[in-house]
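Report on the following structure.
The values are calculated or read from the model by the stated rules, or taken from the named source; none is laboratory data. Values in this document were obtained by computation on a predicted structure and should not be read as measured data. Because the Cβ atoms are built from the backbone with ideal geometry, glycine has one as well, and the counts that use them run over all protein chains shown. Accessible surface areas use protein heavy atoms only, side chains included; no ligands, DNA or RNA. Shrake-Rupley method; radii C 1.70, N 1.55, O 1.52, S 1.80 Å.
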Amino acid sequence: MSTREPTWINDATRRRSLEHLRTHTVDVAVIGGGITGAGVALDAASRGLSVALLESRDFGSGTSGYSSKLIHGGLRYLAKGDFPVAWESAVERRWLMDSIAPHLIRPLGFIIPDTVGAKRTETAAAGVGVVLYDLLRRASGLGSNILPRPQLLSKQAVAAFVPALDTPGLRRGVLYWDGQVIDDARLVMGVVRTAAGLGAHVLREVRATGITATSVQATDTRNGEAMTVRARTVINAAGVWAADFDDNLTVTPSRGTHLVVRAERLGNPHAAHTVAVPGHFGRYVFVLPQPDSVVYIGLTDEEDRDADGHRPAVPEHDIDFLLDVVNRVLDIPLNREDVVGTFAGLRPLVGNAHANGPDGTADISRRHLVKDVPGEPITVVGGKLTTYRRMAQDAVDAATARLGVDAPCRTKKLPLVGAAKRTALAELEAPARLVAKYGSEATEVHRLAGEHPMLAEPLFAGTKITGAELLFAIRAEGATSVDDLLERRTRLSLVPADAAKARVRAEEILAMATETQYTEGAGA
């Protein structure tokens, strides 16, 4: 791969974009570098519009980097009777798994255990829901070669998939399939870099302080310098911060908490499983195995208007709630010592000023809102990770209508950087773990390991992540600090003990990259 790869972003590309924006007006300025803002930037750039994307911190550093990492068709929305969201989710899952990011999204089996204590009506409802869910998959055009059909499992088969379940309490189980993204922050980065490859000016650490329909007042947080970005239209995609730029908008922040547990503590499960929340029809706690030998247990759905949107604190009662629910079906209950990490994200929900239903913010629809008022910035908010592309399409449709431009959306089948057919990915000369994380770029990351002994070695005993991955993050993915590397490029910070082991080596590689001017070379 050439060092002039147009999708690489780093300090050098940031400087050039800042210089460009000082003297040029763009068609679209986008506020917010999470998955929605990144999707808007990509959609607009793919239509031939000039674009500036402004993010106050690091791309994916808010809600988008702390999800359940599921690309799902919305089984819970079926249970709630929210068929429009379920259908939209199923359609968007099809585009993501089939065309946009097949290298980052894999099928994940989900087991709904049928236990001795479960009500027959609940078991029957779950079975009907899974059948309807599969009908949505088929209607969306997603083939069973990507997401297999559901099936009924014996007690023995359920125990083989999920060894930690309380086997004496099992009768049988239902297996269905959904999409799992290897890393939500990596999906955001893929969208951002693809937009950059199409000419978008993507800027991290540029904080919007005020917006109008045609301009953004901002501050470069690296040096405190004020700047004005001029645009023909402005789109507010700031997520939980969207209402900061619109006094007439109500956003309800909903905290989704997850626990992190070592996979071996749960018998190294081969599938996810669900646990019904007692007394709350259609609500489940998910136990989600991850590729890096940990399991996520989540999630909560609680209104939290005081939390830090970049890293919400996890209250003790969230931990107690999740452990209490999941321990109902485990053979050996989990305790606090088994929890090696926690994380939470704030969903920006719209539609209710306050969550007063029996399930709190779980009762608020996941539909998105595009607010298009003449003379004001366009705002897009709500939705969820799976539907980011459709949210972006709707927002840019509104922008092109304002601009008087006839430019249809192109993102349904626009592959992200690294995307390739599964057969092509299987033939790459790179470790399978790198292919699953980087797609067709895995060969470049693998090549970097040969440039210095430090780059070929794991960051610490017990991880497979190498120094080459950190160097690639600095050269091509805009990382500028140890926190960038450990929190969003590798996700080691989700287990604080692992992050502590990797910190010294990460500091060494960051220093080496700076000394040898790797970032300058990548962007020259």
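Before moving on, here are some points about what is shown:
- The set of residues in region 456-488 that are touching a Gly at 6+ places or on another chain (Cβ under 9 Å) and part of a helix (DSSP H, G or I) comprises Ala456, Ala468, Arg475, Asp484, Glu487, Arg488.
- Test: Val91 is aliphatic (A, V, I, L, M), modelled with pLDDT of 95 or more and open to solvent by 20 Å² or more (accessible area, probe 1.4 Å): yes
- Meets criteria (of a type in the set (D, E, K, R), buried (at least 16 other Cβ atoms within 10 Å of the Cβ) and out of contact with any Phe, Trp or Tyr (no Cβ under 8 Å at 6 or more places or on another chain)) for Asp498: no
- Conditions (1) open to solvent by 10 Å² or more (accessible area, probe 1.4 Å); (2) closer than 23 Å to Asp114 by Cβ; number of the one not met by Arg305: (2)
- Residue ID - farthest from Gly127 (Cα to Cα), chosen from residues in region 165-182 that are surrounded by fewer than 23 Cβ atoms within 10 Å (Cβ to Cβ) and touching a helix residue (DSSP H, G or I) at 6+ places or on another chain (Cβ under 7 Å): Ile182
- Matching option when the condition is at positive phi and under 21 Å from the mean Cα position of the chain (by Cα), among Gly375, Gly439, Gly462, Gly404: Gly439
- Verdict on Ala196 being outside any strand (DSSP E or B) and open to solvent by 10 Å² or more (accessible area, probe 1.4 Å): yes
- Just one of the listed residues (Phe245, Phe281) is farther than 23 Å from Thr167 by Cα, of a type in the set (Phe, Trp, Tyr) and at pLDDT below 95, namely Phe281.
- Scanning region 53-88 for residues that are open to solvent by 10 Å² or more (accessible area, probe 1.4 Å), at pLDDT below 95 and not in a helix (DSSP H, G or I) yields a count of 4.
- Residue count, region 333-346 (criterion: open to solvent by less than 40 Å² (accessible area, probe 1.4 Å) and in a strand (DSSP E or B)): 6
- Leu459 meets all of the listed conditions (1) farther than 30 Å from Val504 by Cβ; (2) open to solvent by less than 40 Å² (accessible area, probe 1.4 Å); (3) in contact with a Lys or Arg (Cβ under 7 Å, 6 or more places away or on another chain) but one, namely (1).
- Residue that is touching a strand residue (DSSP E or B) at 6+ places or on another chain (Cβ under 6 Å) and of a type outside the set (Phe, Trp, Tyr), where the choices are Gly478, Gly450, Gly462: Gly478
- Tally, over region 308-332, of residues that are among the acidic types (Asp, Glu), surrounded by fewer than 17 Cβ atoms within 10 Å (Cβ to Cβ) and closer than 29 Å to Ser56 by Cα: 1
- Within region 36-52, the set of residues being closer than 18 Å to Asp397 by Cβ and hydrophobic (A, V, I, L, M, F, W, C) comprises Ala38, Val40, Ala41, Leu42, Ala44, Ala45, Leu49, Val51.
- Within region 94-122, tally of residues that are in a helix (DSSP H, G or I) and not acidic (Asp, Glu): 8
- Among the residues here, Gly256 does not qualify as open to solvent by less than 20 Å² (accessible area, probe 1.4 Å), out of contact with any strand residue (DSSP E or B) (no Cβ under 6 Å at 6 or more places or on another chain) and not polar (S, T, N, Q).
- Hits in region 367-418 - residues which are at pLDDT below 95 and open to solvent by 60 Å² or more (accessible area, probe 1.4 Å): Arg367
- A Cβ distance below 8 Å, combined with a sequence gap of six or more or placement on separate chains, defines the contacts here; from region 325-340, residues that are touching a residue at least 60 places away in the same chain (Cβ under 8 Å) reach residues that are in a strand (DSSP E or B) and open to solvent by 70 Å² or more (accessible area, probe 1.4 Å) in the pairs Asp338/Arg262; Val340/Arg262.
- Pair list, Cβ < 7 Å and 6+ apart or interchain, from region 297-310 residues that are in contact (Cβ under 8 Å) with a residue 60 or more places away in the chain to residues that are part of a loop (DSSP other than H, G, I, E, B) and of a type in the set (Lys, Arg): His310/Arg57
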